[in-house]
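Peer 1: Questions regarding the structure given below will be posed in turn.
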Amino acid sequence: MSVAAPARILRSARIPRSAGITRLRREGAIAPITAFVVFFLVYVIINPELLTRFQLQTAANLVVPLALVALGQLLIVLVGGIDISIGAIMSLCNVVFATQLEIVPVPVAILLAVGVGLACGLFNGLLVAYGGLPAIAVTLASAFIFGSIAREVLDRPGGGITKAIYLATSGELLPYLPVSLVWLSVVAVLLWLLLQRTALGRHIYGVGSNMESVRAAGLNARLTKLLAFGLSGMITSVGAMMLAASTVTGDPRSGDAYLLSSIAAVALAGAAFTGGRGSIIGTVLAACTLGLIGNLLFFAGINSYWQYVISALIIFVVVGLPVVWGRITFALKGRRS
Amino acid sequence: MTSSTVPASQSPAGAPSGKPLGSASVRQLGSRIPRSTWPLIAFVVLFVIGGLIRPNLITIDSLVGTATFAIILAIASFGQTIAVIQAGIDLSVPNTIAFSALAFLGLVAPFGPVGAFAAALLTGAVIGLLNGVVISKLGLTPIVTTIAMNGLLFGAILLVFNFSELTAIPESLLAITSAKISLLGVETAAVLPLGLVLMGVLQLVLSFTGWGRSLFVVGSAAEVARLGGLPVDRIRIGGYVLSGVLAAFAGVVIVGYYQQASATMGASYLLSSVAAVVVGGASIFGGRGSVVGTVGGALVLAQVSTLVAVLNLGANIQQLIYGVIILLVISLYGRRNSA
Amino acid sequence: MTDARMDAAAPAAAPEHPGAPDGHPSPVEALLVATDLVKSYGPVQAVQGVSFQCNPGEVLALVGENGAGKSTVAKMLAGAVTPTSGSIVVSGRPLASGSVRQSRQSGVRCAFQELALVPDWTVAENLGLPDGAPYRGFSQKKSVVAAAELLETFDLPHIDPRATVGTLSLADRQLVEIARALAGRPKLLILDEASSALTPPGVAWLFQRIRDLTAEGGSVIYVSHRLGEIAEIADRGAVLRDGKVAGEFVRGSWTDDQLISLMAGREAARFFPDPPARTTDATALSVTGLRSEGVHGIDLSLGAGEILGIGGLQGHGQAELLRALFGAAPATADSWVIAGRSVSGTTPVRSVRHGVGYVPEDRKREGLALEMTVGENLLVPWFKAYQLGGRPRVARERGWIDGILAALSVRTRGPNELSGALSGGNQQKLVFGRWMNRARTVVLLHDPTRGIDVRAKQELYEAIVDLAKQGVGIVWFSTEVEELVHVCHRVVVLYQGTVIDELTGTRLTGDAVVGASMGLRAAA
Amino acid sequence: SDAPAGGGDEKFVIGFEQPLGGQAWREMGLASLQALANSPEYKDKVELKIVRTNDNDAAQQNAAMQNLIADGVDLILFDPASSSGADAAITQASTQGIPVIANGGPYDSEDVYVVSTDWATAGSTGAEWLLENLGENKNVAVLEGLAGVPLNEGSMPGVTETLEKGGATIVAQDTNGWNEATAQEAMSNILRSNPDVGGVYSFLTGGQGVPEAFASAGLPFVPVVGGSGYNGEACALVKYDGEGLTGDMVFGQPAIYAKGLEQAVKLLEGEEIEKQQYFPPLEITNDNAKDYCLDDKPSNFQLGYDFPGLDLPLEDVMKYYSGS
Ligand SMILES: Nc1ncnc2c1ncn2[C@@H]1O[C@H](COP(=O)(O)OP(=O)(O)OP(=O)(O)O)[C@@H](O)[C@H]1O
Ligand SMILES: Nc1ncnc2c1ncn2[C@@H]1O[C@H](COP(=O)(O)OP(=O)(O)OP(=O)(O)O)[C@@H](O)[C@H]1O
Ligand SMILES: O[C@@H]1[C@H](O)[C@H](O)CO[C@H]1O
Ligand SMILES: [Mg+2]
Ligand SMILES: [Mg+2]
């Protein structure tokens, strides 16, 4: 037995690539990735034009805000919660950004928007982590609060978004390379580094997996949870700014649509709503899939009302298949062994 | 050495301020008073506050008025309660409501009120069955399943129904919902007693039948139920079927009371049904909850809207205050660890 | 309240209590001084003024019945629970209580009774993450290497550092938990029933670790119900009863009976009842070629009223065997007969209907609905959709419920107390109790005496024997060889998922069981 | 934009983008649009491409409009999800010489034509009517539509200003969410604390909910402004006329969509059309309610299926009504 051990140390010293795959599988990312690839192929077959510069940019600007908010939702789901107020947070950051642009320099406006997102996240986080209240209840209430603050800040669409800002966020960096995708990648990679390559990131997964164990291990479970909420708020604010910029307007109701769609994206990403499992890549690709179904139907010439039905079926199939497959293989193993 | 017991409040320095000192005693109290009465107490407090602001708010009629809107929300939230008790959630309530309402109106002409009513409940049962099967047999999480189902239903509503052919609402339905009746000399809409009776029946089922209790076991520890030999899947599916039927019932009641039906008529119940259940003292993690509590939760929500209306601060600020009061109420007894 | 008898028995070790309420650490050499510790959970007085001390290099045992307060004391030392009052002084410095981190930093580490590992973390993450600041980089590679080395130094090479903890057997999880506590080379190591899921070799391994630690001047607080282990490893000990110190003892100055009566507060002797004489040779259960995850073709035949012991080392298929027999895990068999009924397979629902009962391994996850009352937890298998439930049902079944609570002397404030408020051992009793006097033909027991006190064990033995007397066939997997040898008619020992040996009569000895577990088939 | 694209057939390809589907108002608008497009006069001239998007989401509307551009339509009609959220698509369109018409609601941009109801007037006309019809009691309750939506924010300031200038006092406010049920609940809440209001202004909804609230509170009716043109509102005026309900339902006809199409075709045929066209809302009062209340239609049947000068027959419109 112990003879085998040094060998293991060697093996583990250079973790085989399969370890990454294993982690992706454990985090439920395989299915959404596959789904996206299939979806993308279908899309390109039905509408090769997608690969034209113009359509790429259109598609990118459509999915990037959703992808970012979905990442914000993912963080909350990872610590075993759910954020009903995420749409309101988005609206609030959106209008703060848009209105501040009329008064202060762009970088300051950005900082303010991110700050507001952080504040909203911490507000929810404090009540959940230190107040011991369920996330769904807290965010249900704070959704009303943030939403009405947003409408106090800006009562109707408007604000100081300029052409320049549009180009800087939603234009093209290089031909065929929409800027919005670059910003999304930056956020996604940073978040990935944080979740996979820092202790705090692992704590976040751990807290969702079993809060009591994390605390018994001497880690500050509550602080970790609080930080996850704050981080989520910041990422949501980035999504809000991307939305404001790509629509060239601030809008106090712009976030409303993103509550259910962000949850749906996280769901399609195969994350566990009990916490502790979920992947960034899966979430981003899930958001792209859901965000583009409407487009696909348009080019396929199908009544757009079908998109509600089709989105639902995709979620059922993509999230359901791995489970069924798992059962089958398990049953088979049971037979064989 | 003689053991000296020191009052709980006197905790040593350096202890984390995580749990407020009072919480232990709060929990003691909570354990003595049944949870389902907490929201009712909260309602009474809010009702009295209303009276202090506007004396004419503390009349019987005012109470009945609030209770009427509360009971409609409660009826729409009974299904949600069942789902939450079994550690699930039913986010397809909104479009189950709309679907059954539209189905009812569409079918009154061919099948008559009773037939249409039965058909509407049946649609709810089928929706619930699908939710239940996907959740327990495919093992998808309830949130995912029911959100997807809600979307699917909206598409179906838009594709299936021809709104122009919805016939007018049958008298018999009006008679059990919006019609004024007088109970013990109090004038009230028929929907109020209807809802209270439904509450009574459901509470009996939940507290005093084997099925009801099994639902709680499944909700607080599914694996325990399974290894105890309970038919977990059947219990779950049954729960979602009942949840769907109750949402469908709510759809018909809403048509009767408001005499309105549209594709988006359920939308507001997505969050408010969850709110009523949570404010009603159920644990969103399952294993705890009651329909009596849910009625209390709905009463609290309705009373809060009555209160904010009094303030006349403008619609938007009233929304903010609404949120704040909800937050205060749930922080009173919504703690995850208070059993 | 210290018991005079025991002090007399051990004058040398009975310390005149230093930790005066003002909390000055008088004797320089004392590593830990706990003074007047009190913990109450609302109305429940878990610990009511416990004082003791622990010197460098010594192993201090904490013993007591279920619910005596051992874990609560352990948790207070570990910082997981904030004392209601009292002081803890570690090597002269008062321990700011209520923070696990604080305790860890001042060299106090604990392996908890209810394991404190994160299921979705890998072994490496569970070993590596708790140390160091949260705002630092973390590399899977490095942590796996570190973990592998750690497991190597602690001689646990069979545990894969990359495995997700949730997938490990309870015993392996317990080993990881212990390794994590050892990793910090703690000044004070607290082991709260850390051996409860370990088999003899596992315990031997643990004792070696303890000796290494004490040799370096570290101290160990050892909580266990296994008096044999206490006798072997403990230098001194304190007996807890009802949250108070009922007495103290030193190595060699005590007998099982003394200790037991001290725990129980009355005379009680430790003994194993003999298996009852079999009245019939009817078969309750028989299966051939049973296959499942980790079970590779097992033939079993269980007679009515027979107590069949299952022996073997953790991870050789005992848990899987029981789950398969109950239908909790998918399984197939060439032939399978339950209570005369021939079946192709089974599910928990069918098993219970056919008269099978099962006491699972993990009481918290699989055994009890902690938010529900004691009474309803006993009734779980007996809820029928269309029958009464809830309080009226509990009231109607009051006789049966009280009977069980009495027979197993469960410490509870009654059928309507929440089962979550019971101590570990008392919870364990409920999981067994629900199958008593319920017309079972077969009851499957997964180490039901794990982590329960001596008196409770004897009550459980009696209960098991009673079941057998009523003609119930018992399949009993135990990690305590003694139990198998004394209370079972017959013992089959599993090795790598198959039956390696079947022991009866004269061949049924402790050595034979242990030997077979190691894979050696004793000569007939 | 004179020679229509799309190769072979000579039809104008016209895209219509509508967010927030599923509302009676919007379904009826689409029905009237399709009815006109398929009328003998237009059948051979136009091909419609209708796109609906979820919610009131400007991002989706933008993408959908850009998809229409990519698909090579000759002109885009859209009901703005926001008064400024479609600039990206509009810029794209104008660079490609595709005319864009904001249809239904207003839109602030030099680059678009507007064919919309004059919602601002809708607000003040109602307010003025209320002032004229108020009795001694000048205390009024105000129900907004949906806070934060341009339509609402564009009109409400005018409403409150007109009311207060006219000597009325706003004693209670809430929202009707453009939903009769919400209107009824909000009004009942208000009546519980202010049973003595002398009049009610409810923006673009509430024609049924508000009277119901008075009826169920057993209070005498007061003058009520409010309505999005549901059949039930007209019928409520008829039903309660005896009991002294005086009401004014001011709403934009959904058939404004058809009007948009008419203007679009004119434009594509090379005619000059006015850049900013605002049409007065339809007003139903006790005097003309009988002409609008359709007894054989349900109360949530949306009126305003026709538009002055188009003469769309009900049965034609009905052919296209609702999502099928
Ligand atoms: N993951 C962490 N990140 C940052 N600081 C931490 C972390 N874990 C522990 N600490 C520090 O150690 C202190 C004690 O941590 P501990 O885990 O005991 O939680 P606590 O604050 O004591 O209360 P509770 O355990 O109830 O959350 C914390 O207040 C914090 O300052
Ligand atoms: N969280 C809690 N809430 C209420 N009571 C509790 C809680 N934890 C423990 N208790 C009570 O405190 C007493 C001591 O429990 P503890 O777990 O320390 O006993 P123990 O000696 O470890 O027993 P065992 O040998 O069964 O583990 C028991 O009566 C138990 O019911
Ligand atoms: O859809 C909205 C609302 O229904 C309102 O009633 C009128 O304007 C329409 O655009
Ligand atoms: Mg213990
Ligand atoms: Mg702590």
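The values are calculated or read from the model by the stated rules, or taken from the named source; none is laboratory data. Here the structure is a predicted model, which means the values were calculated and not measured. Glycine also receives a Cβ, built like all others from the backbone with ideal geometry; neighbour counts cover every protein chain displayed.
Peer 1: Is it fair to say A:ARG215 is charged (D, E, K, R) and more than 13 Å from A:SER279 (Cα to Cα)?
Peer 2: Numbers: charged (D, E, K, R): yes; more than 13 Å from A:SER279 (Cα to Cα): yes.
Yes; evaluated as a whole, the condition is true for this residue.
Peer 1: If B:ALA261 satisfies every condition in (1) of a type in the set (A, V, I, L, M, F, W, C); (2) touching a helix residue (DSSP H, G or I) at 6+ places or on another chain (Cβ under 6 Å); (3) surrounded by fewer than 23 Cβ atoms within 10 Å (Cβ to Cβ); (4) part of a loop (DSSP other than H, G, I, E, B) but one, which is the exception?
Peer 2: Only one criterion in (1) of a type in the set (A, V, I, L, M, F, W, C); (2) touching a helix residue (DSSP H, G or I) at 6+ places or on another chain (Cβ under 6 Å); (3) surrounded by fewer than 23 Cβ atoms within 10 Å (Cβ to Cβ); (4) part of a loop (DSSP other than H, G, I, E, B) is unmet by B:ALA261, namely (3).
Peer 1: What are the pairs, 6+ residues apart or on separate chains, where a residue within segment C:64-80 that is away from chain A (no Cβ under 13 Å) and more than 14 Å from C:VAL245 (Cβ to Cβ) has its Cβ under 9 Å from a residue that is near ligand 4 (Cβ under 9 Å from one of its atoms) and in a helix (DSSP H, G or I)?
Peer 2: Close Cβ pairs (under 9 Å, with a partner that is near ligand 4 (Cβ under 9 Å from one of its atoms) and in a helix (DSSP H, G or I)) amount to C:ASN66/C:GLY424; C:ASN66/C:GLY425; C:GLY67/C:GLY424; C:GLY67/C:GLY425.
Peer 1: Could you check D:VAL197 against (1) in a loop (DSSP other than H, G, I, E, B); (2) under 27 Å from D:GLY105 (Cα atoms) and say which number it fails?
Peer 2: (2)
Peer 1: Of these, D:ILE284, D:ILE273, which one is modelled with pLDDT under 95, away from ligand 1 (no atom under 16 Å from the Cβ) and either aliphatic (A, V, I, L, M) or in contact with a His (Cβ under 9 Å, 6 or more places away or on another chain) (or both)?
Peer 2: Working: D:ILE273 fails: modelled with pLDDT under 95.
D:ILE284 is the lone residue from the list that is modelled with pLDDT under 95, away from ligand 1 (no atom under 16 Å from the Cβ) and either aliphatic (A, V, I, L, M) or in contact with a His (Cβ under 9 Å, 6 or more places away or on another chain) (or both).
Peer 1: Just wondering, is there one or more residues in segment C:91-104 that are within 16 Å of ligand 1 (Cβ to nearest atom) and away from chain B (no Cβ under 14 Å)?
Peer 2: Yes, segment C:91-104 has at least one match.
Peer 1: Of the residues D:ALA93, D:ALA88, D:ALA31, which single one is out of contact with any Phe, Trp or Tyr (no Cβ under 6 Å at 6 or more places or on another chain) and at the interface with another protein chain (Cβ under 10 Å from one of its Cβ atoms)? Full working, then the answer.
Peer 2: Values: D:ALA93 fails: at the interface with another protein chain (Cβ under 10 Å from one of its Cβ atoms); D:ALA31 fails: out of contact with any Phe, Trp or Tyr (no Cβ under 6 Å at 6 or more places or on another chain).
After applying the criteria, what remains is D:ALA88.
Peer 1: Looking only at residues in segment C:194-250 that are of a type in the set (Phe, Trp, Tyr) and in contact with a strand residue (DSSP E or B) (Cβ under 6 Å, 6 or more places away or on another chain), which one is nearest to ligand 4 (Cβ to nearest atom)? Don't jump to the end; show me each part of the working.
Peer 2: Here is the first cut: in segment C:194-250, the ones of a type in the set (Phe, Trp, Tyr) are C:205, C:207, C:222, C:249.
Subset that is in contact with a strand residue (DSSP E or B) (Cβ under 6 Å, 6 or more places away or on another chain): C:222, C:249.
On the way: C:TYR222: 13, C:PHE249: 20 Å.
Result: C:TYR222.
Peer 1: Somewhere in segment B:286-296, is a residue touching a Phe, Trp or Tyr at 6+ places or on another chain (Cβ under 7 Å), under 30 Å from B:VAL48 (Cβ atoms) and of a type in the set (S, T, N, Q)?
Peer 2: yes
So that you can scan it fast, the table gives a plain yes or no per residue for (1) within 14 Å of chain A (Cβ to nearest Cβ); (2) touching a residue at least 12 places away in the same chain (Cβ under 8 Å); (3) touching a strand residue (DSSP E or B) at 6+ places or on another chain (Cβ under 7 Å); (4) more than 16 Å from ligand 2 (Cβ to nearest atom):
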{"residue": "D:GLY126", "(1), (2), (3), (4)": "no, yes, yes, yes"}
{"residue": "D:TRP129", "(1), (2), (3), (4)": "no, yes, yes, yes"}
{"residue": "D:LEU146", "(1), (2), (3), (4)": "yes, yes, yes, yes"}
{"residue": "D:GLY154", "(1), (2), (3), (4)": "yes, yes, no, yes"}
{"residue": "D:PRO157", "(1), (2), (3), (4)": "yes, no, no, yes"}
{"residue": "D:THR162", "(1), (2), (3), (4)": "no, yes, no, yes"}
{"residue": "D:GLY167", "(1), (2), (3), (4)": "no, yes, no, yes"}
{"residue": "D:VAL171", "(1), (2), (3), (4)": "no, yes, yes, yes"}
{"residue": "D:ASN176", "(1), (2), (3), (4)": "no, yes, yes, yes"}
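Peer 1: Another question about this same structure. Kindly check whether there is at least one residue in segment A:196-211 that is of a type in the set (D, E, K, R), away from every other protein chain (no Cβ under 11 Å) and crowded, with 24+ Cβ neighbours inside 10 Å. Write out each step before concluding.
Peer 2: So the first thing to find is which residues in segment A:196-211 are of a type in the set (D, E, K, R), and the list is A:197, A:202.
Now narrow it down to the ones that are away from every other protein chain (no Cβ under 11 Å): none.
No - not one qualifying residue is present in segment A:196-211.
Peer 1: What residue, of C:ARG136, C:ARG109, C:ARG162, is without any contact (Cβ under 8 Å) to a residue 12 or more places away in the chain, of a type in the set (D, E, K, R), within 11 Å of another protein chain (Cβ to nearest Cβ) and in contact with a strand residue (DSSP E or B) (Cβ under 7 Å, 6 or more places away or on another chain)?
Peer 2: Numbers: C:ARG109 fails: without any contact (Cβ under 8 Å) to a residue 12 or more places away in the chain; C:ARG162 fails: without any contact (Cβ under 8 Å) to a residue 12 or more places away in the chain.
Going through C:ARG136, C:ARG109, C:ARG162 in turn, the sole match is C:ARG136.
Peer 1: Continuing with this model, one more query. Scan segment A:224-236 and give yes if some residue there is within 14 Å of chain C (Cβ to nearest Cβ), at pLDDT below 95 and either within 16 Å of ligand 3 (Cβ to nearest atom) or closer than 28 Å to A:TYR258 by Cβ (or both), otherwise no.
Peer 2: If we filter segment A:224-236 for residues that are within 14 Å of chain C (Cβ to nearest Cβ), which is where we start, we get A:224-228, A:230-231.
This time we only want the ones that are at pLDDT below 95, so: none.
No, segment A:224-236 has no match at all.
Peer 1: Just the residues that are small (Gly, Ala, Ser) and either assigned to a helix (DSSP H, G or I) or more than 10 Å from chain A (Cβ to nearest Cβ) (or both), please, taken from segment B:292-339. It would help to see each step written out before you state the result.
Peer 2: Step one: list which residues in segment B:292-339 are small (Gly, Ala, Ser), which gives B:293, B:296-298, B:302, B:305, B:309, B:314-315, B:323, B:331, B:334, B:338-339.
Result: B:GLY293, B:GLY296, B:GLY297, B:ALA298, B:ALA302, B:SER305, B:ALA309, B:ALA315, B:GLY323, B:SER331, B:ALA339.
Peer 1: A follow-up question, please. Considering only residues that are crowded, with 24+ Cβ neighbours inside 10 Å, out of contact with any Ser or Thr (no Cβ under 8 Å at 6 or more places or on another chain) and within 14 Å of chain C (Cβ to nearest Cβ), which ones fall in segment B:221-241?
Peer 2: B:ALA221, B:VAL224, B:LEU227, B:GLY228, B:GLY239
Peer 1: Continuing with the same structure: Here are the criteria: (1) buried (at least 16 other Cβ atoms within 10 Å of the Cβ); (2) within 21 Å of C:TRP435 (Cβ to Cβ). Tell me which single one C:VAL295 does not satisfy.
Peer 2: (2)
Peer 1: Test each condition in (1) under 30 Å from A:TYR305 (Cα atoms); (2) more than 8 Å from chain A (Cβ to nearest Cβ); (3) of a type in the set (A, V, I, L, M); (4) buried (at least 24 other Cβ atoms within 10 Å of the Cβ) for B:ALA267 and report the one that comes out false.
Peer 2: Among (1) under 30 Å from A:TYR305 (Cα atoms); (2) more than 8 Å from chain A (Cβ to nearest Cβ); (3) of a type in the set (A, V, I, L, M); (4) buried (at least 24 other Cβ atoms within 10 Å of the Cβ), B:ALA267 violates only (4).
Peer 1: Something else about it: Cβ-Cβ distance below 7 Å, separation of 6 or more or different chains: which pairs start in segment B:270-281 with a residue that is in contact (Cβ under 8 Å) with a residue 60 or more places away in the chain and end on one that is hydroxyl-bearing (Ser, Thr, Tyr) and buried (at least 24 other Cβ atoms within 10 Å of the Cβ)?
Peer 2: From segment B:270-281, the pairs are B:SER273/B:SER77; B:ALA276/B:SER77; B:ALA276/B:THR294; B:VAL277/B:SER77; B:VAL277/B:THR81; B:VAL277/B:THR294; B:GLY280/B:THR294.
Peer 1: If you don't mind, another one. If you scan segment C:451-472, which residues turn out to be outside any helix (DSSP H, G or I), away from ligand 4 (no atom under 16 Å from the Cβ) and either touching a strand residue (DSSP E or B) at 6+ places or on another chain (Cβ under 9 Å) or within 14 Å of chain B (Cβ to nearest Cβ) (or both)?
Peer 2: Taking segment C:451-472 first, the residues outside any helix (DSSP H, G or I) are C:451-453, C:470-472.
From the residues that got through so far, the ones that are away from ligand 4 (no atom under 16 Å from the Cβ) too are C:470-472.
Those that are outside any helix (DSSP H, G or I), away from ligand 4 (no atom under 16 Å from the Cβ) and either touching a strand residue (DSSP E or B) at 6+ places or on another chain (Cβ under 9 Å) or within 14 Å of chain B (Cβ to nearest Cβ) (or both): C:GLY471, C:VAL472.
Peer 1: Please specify each residue of segment D:200-225 satisfying the condition of being within 11 Å of another protein chain (Cβ to nearest Cβ), in a loop (DSSP other than H, G, I, E, B) and surrounded by 24 or more Cβ atoms within 10 Å (Cβ to Cβ).
Peer 2: Step one: list which residues in segment D:200-225 are within 11 Å of another protein chain (Cβ to nearest Cβ), which gives D:203, D:205, D:208-209, D:212-213, D:215-219.
Narrowing further to those that are in a loop (DSSP other than H, G, I, E, B): D:203, D:205, D:208, D:217-219.
D:PHE203, D:THR205, D:GLN208, listed by residue number.
Peer 1: Given the criteria away from chain B (no Cβ under 14 Å), within 25 Å of C:VAL38 (Cα to Cα), of a type in the set (Gly, Ala, Ser) and more than 16 Å from ligand 3 (Cβ to nearest atom), does C:GLY252 qualify? Let's see the steps before the verdict.
Peer 2: Details: away from chain B (no Cβ under 14 Å): yes; within 25 Å of C:VAL38 (Cα to Cα): no; of a type in the set (Gly, Ala, Ser): yes; more than 16 Å from ligand 3 (Cβ to nearest atom): yes.
When the stated conditions are applied, C:GLY252 does not pass them.
Peer 1: Can you pull out the helices (runs of 4 or more DSSP H) entirely within segment C:81-193 that have at least 1 residues that are more than 16 Å from ligand 4 (Cβ to nearest atom) and at pLDDT 90 or above?
Peer 2: Working: elements: C:100-105, C:123-128, C:140-153, C:170-183.
Of the helices (runs of 4 or more DSSP H) lying wholly inside segment C:81-193, those with at least 1 residues that are more than 16 Å from ligand 4 (Cβ to nearest atom) and at pLDDT 90 or above span C:123-128, C:140-153, C:170-183.
Peer 1: Just one of B:THR146, B:THR188 is in a strand (DSSP E or B) and within 11 Å of another protein chain (Cβ to nearest Cβ); which is it? Show your work before the answer.
Peer 2: Details: B:THR146 fails: in a strand (DSSP E or B).
After ruling out the rest, the residue left standing is B:THR188.
Peer 1: May I ask you to verify whether B:THR294 is among the hydroxyl-bearing types (Ser, Thr, Tyr), within 30 Å of B:ALA119 (Cα to Cα) and at pLDDT below 90?
Peer 2: On the way: among the hydroxyl-bearing types (Ser, Thr, Tyr): yes; within 30 Å of B:ALA119 (Cα to Cα): yes; at pLDDT below 90: no.
Against the criterion (among the hydroxyl-bearing types (Ser, Thr, Tyr), within 30 Å of B:ALA119 (Cα to Cα) and at pLDDT below 90), B:THR294 does not qualify.
Peer 1: Somewhere in segment D:210-220, is a residue touching a Phe, Trp or Tyr at 6+ places or on another chain (Cβ under 7 Å) and closer than 30 Å to D:ASP296 by Cβ?
Peer 2: Applying the first criterion (touching a Phe, Trp or Tyr at 6+ places or on another chain (Cβ under 7 Å)) to segment D:210-220 yields D:211, D:214.
Still in the list and also closer than 30 Å to D:ASP296 by Cβ: D:211, D:214.
Checking segment D:210-220: at least one residue is touching a Phe, Trp or Tyr at 6+ places or on another chain (Cβ under 7 Å) and closer than 30 Å to D:ASP296 by Cβ.
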